[in-house]
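The values are calculated or read from the model by the stated rules, or taken from the named source; none is laboratory data. As the structure is a computational prediction, the values presented were derived from the model and not from experiment. Quick reminder, even Gly has a Cβ in these numbers, built from the backbone with ideal geometry, and neighbours come from all protein chains shown. Only protein heavy atoms, including side chains, enter the accessible area calculation; ligands, DNA and RNA are left aside. Shrake-Rupley method; radii C 1.70, N 1.55, O 1.52, S 1.80 Å.
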Amino acid sequence: MIHLKRIPIIIDCDPGIDDTMMLMLAFSREELDIRLITTEAGNLTIDKTTYNALSFLSYINKRVEVAKGLSQPIFRQQEVAEDIHGEGGLGNVEWAVPTFEASERPAIQAMYETLMQAEMPITIVATGPLTNVGALLLAHPEVKAKIARISWMGGAAVGGNMSTTAEFNAYVDPHAVELVMRSGVPIIMSGLDVTHKAYITREEMTQLSQLETPFAQKVANMMNFYTFTQKQTPFNPPYFEEQIRVHDVSAIACLVHPEMYRGDDYFVEVELEGRLTQGATIVDYAKRSGKTPNVHVLHDVEREKFIALFFDAVMKIGNTL
């Protein structure tokens, strides 16, 4: 009998519509051993993201420790994205009244203890601002040897969605990004360059709603809300009305099916103070800096396989409820 070697992971997230879809994919995959979920202040305030994580996990009947993260970026005031995700963060969908509470351990403590007690290095999947991860590395640099890699949805090599140059997660807490980029821990960056190619069409959303499970209906309703708000965003082009970006899903998808993605290793740093470029992730494409690459930057995805993976997750979760 062949035993599947599972990938131990910690998920650091800020649910959020696309974070919720990322959690859906993560819990649908037998390859993953989810040890801990920590919440970020990003798309919403920390209280709302923590509630949403507990609500979604309660709905899908998955009980994993959820530890509440820091309530503010390291040096900046918090900025949220309720205009995109809705006031509650999940569009017009309600999942479930949480059946369990957040951990008594704060996120940094929970991450530290989970990593240090692990029998093998753990992958951190981060789909929000990197506040918790940056603070962890600053407070406990000894954990670096216990982190296999960090799979981050954030940043952009070309163009942004929070400004003309900066992606939201990087813009919200660039100082945390700086701490992570300089940590020496292996990093996979699923930035806008690849997540804009990992989209779902309106026709595919119609097919999704026809799967005829209550879960699929909720996913479709939530994603349709996301479609409306994405097309209202000034930095998004007109064709976004027909293409729904599920950005955070790629941070999980690239772990379970890395062959679907294309990327290269580059030196990446983040702009902290630029008047026009604060939060921009600068990718040394031309390799002019002479510095050793520190990030594996994803830039392409086989979209048809991505969609098949997404639909499979919706069906798997829906059929277990």
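Which of the residues spanning the stretch 65-93 are at pLDDT below 90, open to solvent by less than 20 Å² (accessible area, probe 1.4 Å) and either touching a Lys or Arg at 6+ places or on another chain (Cβ under 6 Å) or more than 18 Å from F215 (Cα to Cα) (or both)?
Answer for the stretch 65-93, where residues must be at pLDDT below 90, open to solvent by less than 20 Å² (accessible area, probe 1.4 Å) and either touching a Lys or Arg at 6+ places or on another chain (Cβ under 6 Å) or more than 18 Å from F215 (Cα to Cα) (or both): A81, H85, G86, G89.
Pick out the one residue from M205, M223, M189 that is closer than 28 Å to T123 by Cβ, open to solvent by less than 60 Å² (accessible area, probe 1.4 Å) and more than 15 Å from the chain's Cα centre (by Cα).
M223
Can you tell me which residue is nearest to I187 (Cα to Cα) among those in the stretch 278-307 that are open to solvent by 60 Å² or more (accessible area, probe 1.4 Å) and part of a helix (DSSP H, G or I)?
K305
Residue by residue, here is whether (1) over 24 Å from N224 (Cβ atoms); (2) of a type outside the set (V, I, T) holds:
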| residue | (1), (2) |
| --- | --- |
| S58 | no, yes |
| Q72 | yes, yes |
| F75 | yes, yes |
| G88 | no, yes |
| V93 | no, no |
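Restricting attention to the stretch 4-12, does a residue exist that is open to solvent by less than 30 Å² (accessible area, probe 1.4 Å), outside any strand (DSSP E or B) and in contact (Cβ under 8 Å) with a residue 40 or more places away in the chain? Break it down into steps so the answer makes sense when it comes.
Let us first name the residues in the stretch 4-12 that are open to solvent by less than 30 Å² (accessible area, probe 1.4 Å), namely 8-12.
Within this subset, residues satisfying the condition of being outside any strand (DSSP E or B) are none.
Within the stretch 4-12 (the criterion being open to solvent by less than 30 Å² (accessible area, probe 1.4 Å), outside any strand (DSSP E or B) and in contact (Cβ under 8 Å) with a residue 40 or more places away in the chain), the answer is no, since none of the residues qualifies.
One line per residue, one yes/no per condition, for (1) in a helix (DSSP H, G or I); (2) over 21 Å from V314 (Cα atoms); (3) modelled with pLDDT of 95 or more:
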| position | (1), (2), (3) |
| --- | --- |
| R149 | no, yes, yes |
| A156 | no, yes, yes |
| T165 | no, yes, no |
| M189 | no, yes, yes |
| V194 | yes, yes, yes |
| K231 | yes, yes, no |
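Does T49 satisfy the condition of being β-branched (V, I, T), part of a helix (DSSP H, G or I) and either open to solvent by 20 Å² or more (accessible area, probe 1.4 Å) or touching a Ser or Thr at 6+ places or on another chain (Cβ under 9 Å) (or both)? Even if it seems obvious, please write down each step before you answer.
Numbers: β-branched (V, I, T): yes; part of a helix (DSSP H, G or I): yes; either open to solvent by 20 Å² or more (accessible area, probe 1.4 Å) or touching a Ser or Thr at 6+ places or on another chain (Cβ under 9 Å) (or both): yes.
So T49 passes the test.
If a residue has to be open to solvent by less than 10 Å² (accessible area, probe 1.4 Å) and not in a strand (DSSP E or B) to count, how many in the stretch 29-38 make the cut?
0
For the stretch 53-64, which residues satisfy the criterion of being surrounded by fewer than 17 Cβ atoms within 10 Å (Cβ to Cβ) and touching a residue at least 40 places away in the same chain (Cβ under 8 Å)?
S58, N61, listed by residue number.
In the set A110, A96, A41, which member is open to solvent by less than 60 Å² (accessible area, probe 1.4 Å) and part of a helix (DSSP H, G or I)?
On inspection, the qualifying residue turns out to be A110.
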